[in-house]
Amino acid sequence: MKVQRASDEVVEVDVVGIDPPIANALRRIMIAEIPTIAIEKCYVYQNTGVIHDEILAHRLGLVPIYCDIDSLKMRDEDAPPEQRDDVTDPDTWICFSLEKVCPQSHPPRESMPVYSGDLKWVPLNAEQEERYKDDPPRPVYDDVLITKLRCGQELEIKCFCCKGIGKIHAKWSPVCTATYRLMPDIILKEPIEGAEAKKFKSVCPMGVFDIEDGAAVVKNPRACTTCRQCIEPGNGFADKVSLGKLKDHFIFTVESVGQIPAPQIFAQAAVVMQNKCRLVKKSLEDQMGKKTARQVKSGEDEAEPMEVDG
């Protein structure tokens, strides 16, 4: 595995020597099984704007929220509803308040935007306030447009966030995109030199080829999008180039929504994958152990053949 480029927003990683099912499992884990924080419940006390309460709650649920993920517990989905949805539990929930009023002095023909930055964290108790005093929960971006208000309209909403995964709802998915592609395998079957090399280089719109010592070379194969311009019959190079893919070389590109840095998402997905493999291994060992025990017991219970004198 090799990291080609990395930032908090995007990471590109080469993984070599795995099969497509494993690569796809990693991709699906990044999308659906890495926990984040999102708004789950909205208590609307006042909404005189044009957007209905349920639509407003849906839009708020999609606002990316930053919080120390390890500081909160997952909700127990099997618990009774009154326990599962107890928003006063500071170990499971955090609260934001959205209070906005468009004053009568606002220009009557203009709307006042309400942004995600208007969400203000409200500690549920003193212990939670102390826990997050150095790194309080907050929207990842302050400029996400939630709604617009006109003169005299107002909003008063309490939003409660909890921990979840994308498998439950897409609002908990930490990635915008998580994709992989196979590394292109480009082979020049014969030398392409001189004027032909210049023409060959210009044919590729992605800059895959270059010229060294007067001959065309494959300089940047990972930039190839398999547009097939280089092997178009009209260009005259169809018999001189072989386009393929390396079947065990995967290029992962992961773009984070913002709650978790992209490199951490990939690393966490690998850990989840390891835990799944350990679980499968343990289950197989347990099943094999039970099978062996049954065989031993069956052998002990069998009656030995009786010898009878003839």
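Some notes on this structure:
- Shown is the FRET efficiency for Thr225 and Asp53, computed with R0 = 41 Å from the Cβ-Cβ distance and rounded to the nearest 0.05: 0.35.
- Protection proxy ranking of 60-69, 250-259, 7-16, by the mean of other Cβ atoms within 10 Å over each peptide's residues and highest first, is 250-259, 60-69, 7-16.
- In this structure, the amide hydrogen of Ile168, modeled 1.01 Å from its nitrogen in the peptide plane, lies closer than 5 angstrom to no residue at least 5 positions away or on a different chain.
- C-alpha center-to-center spacing [region 66-80, region 145-199] in angstrom: 26 Å
- The overall shape of the chain, judged from the alpha-carbon gyration tensor, is oblate: a/c is not under 1.5, and a/b is no greater than b/c.
- Among 149-159, 104-114, the order from most to least packed when residues are scored by Cβ within 10 Å on average: 149-159, 104-114
- Using θ = phi - 60° and Karplus 6.51 cos²θ - 1.76 cosθ + 1.60, couplings along region 277-286 (whole Hz; Gly, Pro as x): 5, 5, 5, 5, 4, 5, 4, 5, 5, 5
- Here, P(r) means the percent of Cα pairs in each 10 Å bin from 0 to the largest distance; for region 1-125 it is 9, 28, 27, 21, 12, 3, 0.
- Least to most buried among Thr225, Thr92 (fewest other Cβ within 10 Å first): Thr225, Thr92
- Extension gain for the segment Lys120 to Asp8, taken as residue separation times 0.36 nm less the Cα-Cα distance, is 37.9 nm to one decimal.
- Sorted on the mean count of surrounding Cβ atoms within 10 Å across their residues, most packed first, peptides 188-195, 280-287 read 188-195, 280-287.
- Karplus 3J(HN,Hα) series, Hz, for region 187-201 with 6.51 cos²θ - 1.76 cosθ + 1.60 (x for Gly, Pro): 10, 8, 6, 8, x, 10, 10, x, 4, 5, 5, 5, 5, 4, 4
- Toward the positive end of the charge dipole of region 37-172, with +1 on the Cβ of Lys and Arg and -1 on the Cβ of Asp and Glu, the farthest Cα among Pro90, Ala170, Tyr66 is that of Ala170.
- Measuring nothing but how far apart in sequence close Cα pairs (under 8 Å, 6+ apart) lie, relative to its length, region 1-60 scores a relative contact order of 18 percent.
- Estimated vicinal HN-Hα couplings, Hz - region 238-246 in sequence order (Karplus 6.51, -1.76, 1.60; Gly, Pro = x): 4, 8, 9, 10, 10, 9, x, 9, 7
- Relative contact order of the chain, taken over Cα pairs closer than 8 Å and 6 or more residues apart, is 27 percent.
- A cut-off of 5 Å between modelled amide H atoms, ignoring neighbours fewer than 5 places along the same chain, links Ala38 with Cys162, Gly164.
- Residues Asp68 and Met288, FRET efficiency given R0 of 35 Å [Cβ-Cβ distance, rounded to 0.05]: 0.30
- Built amide H within the under 5 Å cut-off of Cys176, gap 5+: Glu255, Ser256, Val257
- Partner lysines whose Cα lies under 18 Å from the Cα of Lys290, excluding those fewer than 8 positions away in the same chain, are identified as Lys281, Lys282.
- Gyration tensor verdict on region 177-274 (Cα atoms; rounded if a/c is under 1.5, prolate if a/b is larger than b/c, oblate otherwise): prolate
- Taking Asp86, Asp118, Asp213 in turn, the Gaussian network model of the chain (Cα-Cα springs below 10 Å) assigns the largest fluctuation to Asp213.
- Normalised by the number of residues in region 37-172, the mean separation of alpha-carbon contacts (under 8 Å, six or more apart) gives a relative contact order of 43 percent.
- From the C-alpha gyration tensor of region 76-213, square roots of 5λ in Å: 53, 27, 14
The numbers here are math on the coordinates, done by the rules we state, and not lab data. As the structure is a computational prediction, the values presented were derived from the model and not from experiment. Heads up, the Cβs are rebuilt from the backbone with ideal geometry, glycines too, and the neighbour counts pull from every protein chain shown.
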